[in-house]
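Have a look at the structure below before the remarks.
The values are calculated or read from the model by the stated rules, or taken from the named source; none is laboratory data. Everything quoted here is computed from the prediction, not taken from an experiment. Reconstructed Cβ throughout: ideal geometry from the backbone, glycine too, with neighbour counts over all protein chains shown.
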Amino acid sequence: MQTRTVLLAVALVLAASGCASTSKVMLGPARPAVAPEQVRVYFSAPPGRYEEIAMLETSSGGFTYGAQNKMDEVIGKLRVAAAELGANGVLFEGSAQGPGGSNVGIGVGGGRFGGSSHLGGGVGVSISPSRTHARGVAVYVFDPPPMGAQPPVE
């Protein structure tokens with residue numbers, strides 16, 4: 001019985017992680033992969049010349065709570081996806097909240113069977129958070145500023 005419970009839990013985790021992928025639309029050739037820590041996110045214009053590699057879209061996980069946690073998660077996913085394509089930057093295009101939220105449902109039912117009447121009821125509660133969706137363009141920036149330097153705000 002415990003083996004079946006463990007297998008069911010693993011299957012649910014794998015199914016939930018499969019729903020949280022990052023989509024990529026290639027705009028140019030990929031480069032050799034880099035570490036995600038080397039990918040800088042540009043919220044304004046990138047410095048100098050750059051080459052577009054791919055458009056990226058992602059969303060936060062179904063069990064992520066808190067606006068900052070959701071934003072941190074989507075930024076991290078964009079950086080990982082860009083790093084896999086050899087990009088050293090992501091031009092952040094924006095984010096939006098998806099549908100979700102808390103719901104409560106109440107149901108009542110009745111019936112008659114074998115001369116006896118039966119009545120039943122139930123309550124369902126959903127507390128799934130809304131997802132944060134984000135878009136960006138993976139880019140290779142020629143001559144990027146040092147990682148400790150702040151990019152200029154335009």
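In segment 48-70, the qualifying residues are those that are surrounded by fewer than 16 Cβ atoms within 10 Å (Cβ to Cβ) and aromatic (Phe, Trp, Tyr), and the one that is nearest to the chain's Cα centre (by Cα) is 63.
Return the only residue of 28, 62, 94, 76 being at pLDDT 70 or above and closer than 13 Å to residue 140 by Cα. If you could, list the steps in order and put the result at the bottom.
Working: 62 fails: closer than 13 Å to residue 140 by Cα; 94 fails: closer than 13 Å to residue 140 by Cα; 76 fails: closer than 13 Å to residue 140 by Cα.
When all the criteria are applied, what remains is 28.
For residue 46, the conditions (1) touching a Leu at 6+ places or on another chain (Cβ under 7 Å); (2) modelled with pLDDT under 90; (3) over 14 Å from residue 136 (Cα atoms) all hold with the exception of (3).
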